[in-house]
Amino acid sequence: MMLNTETRHVISDNVLASIRRKTLTPELLQLISRQNWFNLWVPKVYGGLNAELKEGCQLLEELAYIDGGFAWTVTLCAGANMFAGFINPAVAEIIFKQEQVCWGGSGMPSGRADKEGDHFIITGSWKYATGAPHLTHFTLNAWVYEDGEPVLDTGGSQVYRSFFVDREHVLIHYDWDTFGLECTASHSFSINELKVPQGRAFDLHPDCRTSDEPIFYYPFMTFAECTLAVNYIGMFRRFLDLFEKQLLVKSSDPEWVKTNGKILFKKVDAVRSTFDKKAKRLYQLIDETWKETEPDTLLIAEIADLSRALVSDVRTGTIDLFPYTGIAGAQRENELNIVFRHIFTASQHALLNRS
């Protein structure tokens, strides 16, 4: 899935326009459609690319290197389209063989789904539906009730289920106004007393898969950790390259080289070396756990820890180096500033955010 020069240019040429529009430009949406990237993890029987995890993660990292906002949108929407392997195959075939299908929504349980016979009545609001303006279906997690009472599992915890609904039944609240990842258009949405057939409920667990492709045997939380982590890797790689480029510009001043230059070049080399080792280890772990019907629990735990450590390193490394970018780094349309804003907006995502 190597990116050619033309594809790279299309993405980079649309960075500023998508920031100003606060959503992906038509050119970027057309590119995604041509490349079928929203269907990165969808089985080929439904018209998807059925990518292996490492292959797909490498693509997402490269997209993030060019533009973090674009890559974040592809990642989250492709992750939602992956739910095709957990719903009724007949329904999945009808939906995903249509052109430009894009799912997205919220993973945080909210609202309620009252079970009534063979359907649910859903009411509630959910935050951060990446790509909201161009979604064809919204996904959500809702707490399940029956006869007005919360449904509990065998351990006494309240049960929630995942659902997908057509765009026409959703009210989008255009409230995404962040200083980074602007083009992801991750707006909130709400639903009011919508009757949803039981067939539109699903569970993201390998035992509930409806496809035998390897991706659906893989633990979903680990899949999410990997695909998000490579976005941070790509963005930070770009930040470090741009930072070094800025140092080279400043090194034309002999006095600056004497007082700051050598120290900063050594500092960025040390940061890059440590970071690259951790990123390489993540891909090794993906290799070692892929195509295992029951991945080693110790390796899965290491992925969880490592992905969070990578995000922590990105955050602290950016904080440490950014003050040395000068006024260039403070200019809103300078790429250093754009990547800085993307990194710190992305770092607020709950999944990999830890102190």
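The values are calculated or read from the model by the stated rules, or taken from the named source; none is laboratory data. Computed from a predicted model, the values in this text were never measured in an experiment. FYI the Cβ positions are ideal-geometry reconstructions off the backbone, even for glycines, and counts take in every protein chain you see. Ligands, DNA and RNA are stripped out before the accessible areas are found, and what is left, the full protein with its side chains, is counted by its heavy atoms. Shrake-Rupley method; radii C 1.70, N 1.55, O 1.52, S 1.80 Å.
General observations
- Residue check, Asp276 farther than 24 Å from Phe340 by Cβ, open to solvent by 10 Å² or more (accessible area, probe 1.4 Å) and among the acidic types (Asp, Glu): no
- In the range 154-172, the residues that are in contact with a Pro (Cβ under 7 Å, 6 or more places away or on another chain) and among the hydroxyl-bearing types (Ser, Thr, Tyr): Tyr160
- Qualifying position, being over 21 Å from Ala328 (Cβ atoms) and not polar (S, T, N, Q), among Lys278, Lys245: Lys278
- Test: residue in the range 191-208 that is touching a Pro at 6+ places or on another chain (Cβ under 8 Å), under 27 Å from Glu93 (Cβ atoms) and open to solvent by 10 Å² or more (accessible area, probe 1.4 Å): yes
- Whichever residue in the range 323-349 is of a type outside the set (Lys, Arg) and without any contact (Cβ under 8 Å) to a residue 24 or more places away in the chain and, among such residues, is surrounded by the most Cβ atoms within 10 Å (Cβ to Cβ): Asn337
- Out of Glu225, Glu182, Glu168, sole residue that is within 23 Å of Tyr128 (Cβ to Cβ) and surrounded by 22 or more Cβ atoms within 10 Å (Cβ to Cβ): Glu225
- Qualifying positions in the range 119-152 - assigned to a loop (DSSP other than H, G, I, E, B) and in contact with a helix residue (DSSP H, G or I) (Cβ under 8 Å, 6 or more places away or on another chain): Thr130, Gly131, Leu135, Thr136
- Qualifying positions in the range 166-185 - without any contact (Cβ under 8 Å) to a residue 60 or more places away in the chain and in contact with a helix residue (DSSP H, G or I) (Cβ under 7 Å, 6 or more places away or on another chain): Ile172
- Per-region count, the range 117-150, residues surrounded by fewer than 17 Cβ atoms within 10 Å (Cβ to Cβ), hydrophobic (A, V, I, L, M, F, W, C) and free of Cβ contacts under 8 Å to residues at least 40 places away in the same chain: 0
- Filter result for Lys291 (open to solvent by 30 Å² or more (accessible area, probe 1.4 Å) and assigned to a helix (DSSP H, G or I)): no
- Condition check for Glu302: in contact with a helix residue (DSSP H, G or I) (Cβ under 8 Å, 6 or more places away or on another chain) and in contact (Cβ under 8 Å) with a residue 24 or more places away in the chain: no
- Highlighted here are the strands (runs of 3 or more DSSP E) found entirely within the range 153-252 that include at least 2 residues which are of a type in the set (Gly, Ala, Ser): 187-197.
- On inspection, Ile263 fails the criterion of being under 25 Å from Arg20 (Cα atoms), loosely packed, with under 13 Cβ neighbours inside 10 Å and over 17 Å from the mean Cα position of the chain (by Cα).
- Filter result (under 19 Å from Leu76 (Cβ atoms) and among the acidic types (Asp, Glu)) within the range 31-56: Glu55
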